[in-house]
Amino acid sequence: MVKQQNQRFTTLIGIIALTTVTRLDSVMAPSIVKIQQTFPHADATQVESIASIGDVASMVASFIFGLILTKITYRHAATIGLCLLAIGGLLPILIHQNVTQLIFFALIVGLGSGAITTVLPSLSAAAYQGERRSNQFGLNVALEDGFAMVWIVVGGYLANISWVHNYYVYLITLVALILAILFVPNIHPIDQAAGQETNDRQNHWLLILSLVAIAMFVEILVAVMSNKMAIYLNTYHIGGPSTSGQALLFVRAASIVAGLLISLYRKTFGNCLLAAGFLSIAVGSLLFLAFHAFWSSALGAFLIGTGGSITLITVPFLLSNIANAKIYPIVMGAFSALTSLGFAFSAWFFKYTAPLFNNNNLTGTFRAMVLFSVIIAVSLMVTNLQKRADQAI
C-alpha cells in the first residue's frame, strides 16, 4: 500500500512536469510584432503563423502519438515529446536568420506539444481511479492554463528586451525532461478491459464517438472568443486591445477555477454536468447580447470558459471509463487532434453560420452560440449520455 502511494506521488511529479510545458508555445505570441519589425520584407501572414502553425503540427502529432503510445512506454513518449520541444524552442536562439527557420522550429514545437498532450491524459487515467482520476484531470487543466498565463506574461516582458529572448523560456523543457526521466513510469498502457463482451464494446465505441464530437464542438464554441472579443469591445466602445486581453484572461481564469473545483461541480450537477457546461456557455453568450459593458464581457467570458473547461475535463474522464487502457491513448490522440481542429475551424464555422441568425456578424455569432449550446444541452439530458458513459464498465 505504501509502495503504491509512493508510486502515485512520483507519477504526480512527472505529470506536473509535463503540464508546465503543454502551453509553452504561447510564449511567442507577444513577439510577433517585434519579429515583423526584424524581418520587414517577410509576409505578415507567415510571421503570424509562427504563433499558430504549431497547432497544426500538434493536431498531427496527437494522432501519431496516440498510435505510438500503444507500442512504447509513457516515459519514452514523454521523453520524445520533451526533446522535440527543447529542440524546436532552443535552436532559434542560435539560428534565426529568417522567418522560414522560425516557422520550421515552431512546427517542431507543435509536434512536441501534441505528444505531451496525448501522454498526459493516458498517464493520469493509468495512475488514478474513480473520483481521484476526475480530480486529476481537473488539476491538469488548471495547471496547463495557469502556466499558459505565466508564459504569456513572461513572453510579453521578454519581448520588450528582444524577441530572441522569448526562446530562453524553453530552458524549462530541460528541467521537465529530467523530471520525466526520473518520475514518469516506464510502463506500457495495460489492457484492463480485455474481458468485455463484443456487443458491449460496440456500444462503447458509439459513446466514444459521441463524446469526442461533443468535445470538438465545445472548442468551436469557446475558441471564437479569441477572434471576436477585440472586435466586440471595439464595436461597442468598451475598450481597445489591452482591454480585450484583460477580458480574455477571464476565459483562462475560468479554466483554472473549473479545474480546481471539478469535484464540487460533479457533486452539484451529477450526470447533468456536461449539460450544465453548455448551458453556462449559453448564459455567457446571452450576456454579450443583453449588455455592452466590460463587466458583462468579463462575466460572459468567464461563463463561456467555465462551460468549455467543464466539458474538456469531464469528457477525458468519461472516455477513460469506456475505453480500455490499451486503446485509450489512441482515443485521446483523436480527442486532442479533433479538439485542436475545432479550435482552428471555429472562425470558419461562425463565418458561415452567424449570417443565418443576424446580418450583424457579432450578434449572429452570439445568437448561434446560444442556440447550439441549448440544443446540445437538451440532447445530453434527453439521451442521458453522461450517465451511460459514467456507469460503463
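The values are calculated or read from the model by the stated rules, or taken from the named source; none is laboratory data. Fair warning: this is a prediction, and the values are worked out from it, not measured in the lab. All Cβ positions, even for glycine, are placed from backbone atoms using ideal geometry, and neighbour counts span all protein chains on display.
Is there a residue in the stretch 326-333 that is surrounded by fewer than 23 Cβ atoms within 10 Å (Cβ to Cβ), in contact with a Pro (Cβ under 8 Å, 6 or more places away or on another chain), among the aliphatic types (A, V, I, L, M) and not in a helix (DSSP H, G or I)? No. Taking residue 339 as meeting all but one of (1) within 22 Å of the chain's Cα centre (by Cα); (2) of a type in the set (S, T, N, Q); (3) modelled with pLDDT of 95 or more, write down the number of the exception. Of everything listed in (1) within 22 Å of the chain's Cα centre (by Cα); (2) of a type in the set (S, T, N, Q); (3) modelled with pLDDT of 95 or more, residue 339 misses just condition (3). Between 275, 301, the distinction of being crowded, with 20+ Cβ neighbours inside 10 Å and under 27 Å from residue 125 (Cβ atoms) belongs to 275 only.
Table: residues versus (1) at pLDDT 90 or above; (2) within 15 Å of residue 17 (Cβ to Cβ); (3) assigned to a helix (DSSP H, G or I); (4) touching a Ser or Thr at 6+ places or on another chain (Cβ under 8 Å).
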| position | (1), (2), (3), (4) |
| --- | --- |
| 105 | yes, no, yes, no |
| 110 | yes, no, yes, yes |
| 113 | yes, yes, yes, yes |
| 126 | no, no, yes, no |
| 131 | no, no, yes, yes |
| 138 | yes, no, yes, yes |
| 141 | yes, no, yes, yes |
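Take the stretch 285-295 and flag every residue that is small (Gly, Ala, Ser) and in contact (Cβ under 8 Å) with a residue 60 or more places away in the chain. Walk me through it before giving the result.
In the first step, residues of the stretch 285-295 are kept if they are small (Gly, Ala, Ser); the result is 285, 290, 293.
Residue satisfying the conditions is 285 alone.
Residues in the stretch 375-390 that are among the small types (Gly, Ala, Ser) and either at positive phi or buried (at least 18 other Cβ atoms within 10 Å of the Cβ) (or both): 377, 389.
Looking only at residues in the stretch 334-358 that are among the aromatic types (Phe, Trp, Tyr) and crowded, with 17+ Cβ neighbours inside 10 Å, the one that is farthest from residue 67 (Cα to Cα) is 357. Of the residues making up the stretch 217-271, those that are without any contact (Cβ under 8 Å) to a residue 12 or more places away in the chain and part of a helix (DSSP H, G or I) are 234, 241, 242, 245, 264, 267, 268, 269, 270. When 50, 80, 68 are checked against the criterion of being surrounded by 17 or more Cβ atoms within 10 Å (Cβ to Cβ), modelled with pLDDT of 95 or more and closer than 29 Å to residue 334 by Cα, a single residue qualifies: 80.
This table checks each residue for (1) hydrophobic (A, V, I, L, M, F, W, C); (2) under 18 Å from residue 166 (Cα atoms); (3) assigned by TED's automatic domain parsing to the domain that holds residue 170.
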position	(1), (2), (3)
51	yes, yes, yes
79	no, no, yes
91	yes, yes, yes
98	no, yes, yes
106	yes, yes, yes
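The sole residue among 216, 229 that is buried (at least 17 other Cβ atoms within 10 Å of the Cβ), hydrophobic (A, V, I, L, M, F, W, C) and closer than 20 Å to residue 151 by Cβ is 229.
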